[in-house]
1. Pick from the stretch 208-227 the residues that are assigned to a strand (DSSP E or B), surrounded by 14 or more Cβ atoms within 10 Å (Cβ to Cβ) and not hydroxyl-bearing (Ser, Thr, Tyr): which of them is nearest to the chain's Cα centre (by Cα)?
2. If I filter the stretch 76-115 down to residues being modelled with pLDDT under 85 and of a type in the set (D, E, K, R), which single residue comes out as farthest from Lys192 (Cα to Cα)?
3. Would you mind telling me which numbered condition in (1) within 26 Å of the chain's Cα centre (by Cα); (2) of a type in the set (Ser, Thr, Tyr); (3) surrounded by 16 or more Cβ atoms within 10 Å (Cβ to Cβ) Tyr205 fails?
4. Among Val182, Val155, which is the only one that is surrounded by 15 or more Cβ atoms within 10 Å (Cβ to Cβ) and in the same structural domain as Pro116 (by TED's automatic domain parsing)?
5. Name every residue in the stretch 190-222 that is free of Cβ contacts under 8 Å to residues at least 24 places away in the same chain and out of contact with any strand residue (DSSP E or B) (no Cβ under 6 Å at 6 or more places or on another chain), in order of residue number.
6. Here are some conditions: (1) out of contact with any Phe, Trp or Tyr (no Cβ under 7 Å at 6 or more places or on another chain); (2) more than 27 Å from Thr224 (Cα to Cα). Met118 meets all but one. Which one does it not meet?
7. From the list Lys113, Lys129, pick out the single residue that is part of a loop (DSSP other than H, G, I, E, B), free of Cβ contacts under 8 Å to residues at least 24 places away in the same chain and under 30 Å from Thr63 (Cα atoms).
8. I'm told Tyr205 meets every condition in (1) in a strand (DSSP E or B); (2) out of contact with any Leu (no Cβ under 9 Å at 6 or more places or on another chain); (3) over 22 Å from Leu106 (Cα atoms) except one. Can you identify the failing condition by its number?
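The values are calculated or read from the model by the stated rules, or taken from the named source; none is laboratory data. This is a predicted model, so every value here is computed, not measured. Please note: Cβ atoms are built from the backbone with ideal geometry, for glycine as well, and neighbour counts cover all protein chains shown.
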Amino acid sequence: MNIDNRAGITYENASLKLVSGEISRVSPPAQPLPVDRVEEVATEGQTATPFNEEAFSEYHLYTLDRPATLRNNQEKQISLFSVDSVPVEKELIYDITLSERVRDFLILENSNKTGPGMPLPAGVVRVYKADSAGELQFLGEDIIRYTPVNEEVKVAVGSAFDLTVSRNQTDYQRVSDNVERVSYEIQINNSKAEPQDMTVIEHFYGDWEILENSDEFVETDTFTIEFRITVPANGTKVITYTVENKF
């Protein structure tokens, strides 16, 4: 958690509390005072679990378990919580409405069994991974929503370097004034030496029906299907389908 003190004064041994939730306000927040010197950045202990969490009305309250000093024009970073090992699943997703590239997501279950096991405030999540030398390297960052216990956290890390996609419309037929048939070909190339499991997501509108398809798919909602496929090592996977739309 980042705390940026622009109040114009120093707070000695302050008690810090964070209220997490969507708080209704009728006036804009106060504007920070002008900064007239180089700001200082400090970091509080990253190894302990310094905040205690509790329910607070319809929000969640996080209280630092020890006083902290906030100097004027100082930005301080304090660890909200620390968990040594949380199971994380990697998921590769291609969705043309999100990106023309295959996106890399990390997914974890916020549970008491696996961790973190506490309501997570909305904010920026940064992901690091140790390289072959044991040094942490930055992989990417994403903004997560308020996440209660027993809900899934999905973090978009970045785009897959070794997976490329070409999506093309191969045929179009106007059947009637309100009916059309469209065919698509989606080609995924994998330059890695290992097969890659991934999901291809397609979206539709109106009253739609898949007439022909090269691969099995799953309907995830009224207007969305997913092809869950494996792209061979150093190879190519091609998905084709024809959809009829009535509107």
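1. Filtering the stretch 208-227 down to residues assigned to a strand (DSSP E or B) leaves 208-213, 218-221, 224-227.
So of that shortlist, the ones also surrounded by 14 or more Cβ atoms within 10 Å (Cβ to Cβ) come out as 208, 210, 213, 224-227.
Okay, now just the ones that are also not hydroxyl-bearing (Ser, Thr, Tyr), so 208, 210, 213, 225-227.
Numbers: Trp208: 30, Ile210: 30, Asn213: 30, Ile225: 20, Glu226: 19, Phe227: 21 Å.
Restricting to residues being assigned to a strand (DSSP E or B), surrounded by 14 or more Cβ atoms within 10 Å (Cβ to Cβ) and not hydroxyl-bearing (Ser, Thr, Tyr), the top hit is Glu226.
2. Only one residue fits best here, namely Lys76.
3. Failed condition: (3).
4. On the way: Val182 fails: in the same structural domain as Pro116 (by TED's automatic domain parsing).
Val155 is the lone residue from the list that is surrounded by 15 or more Cβ atoms within 10 Å (Cβ to Cβ) and in the same structural domain as Pro116 (by TED's automatic domain parsing).
5. Glu216, Asp221, Thr222
6. (1)
7. Going through Lys113, Lys129 in turn, just one is part of a loop (DSSP other than H, G, I, E, B), free of Cβ contacts under 8 Å to residues at least 24 places away in the same chain and under 30 Å from Thr63 (Cα atoms): Lys113.
8. (1)
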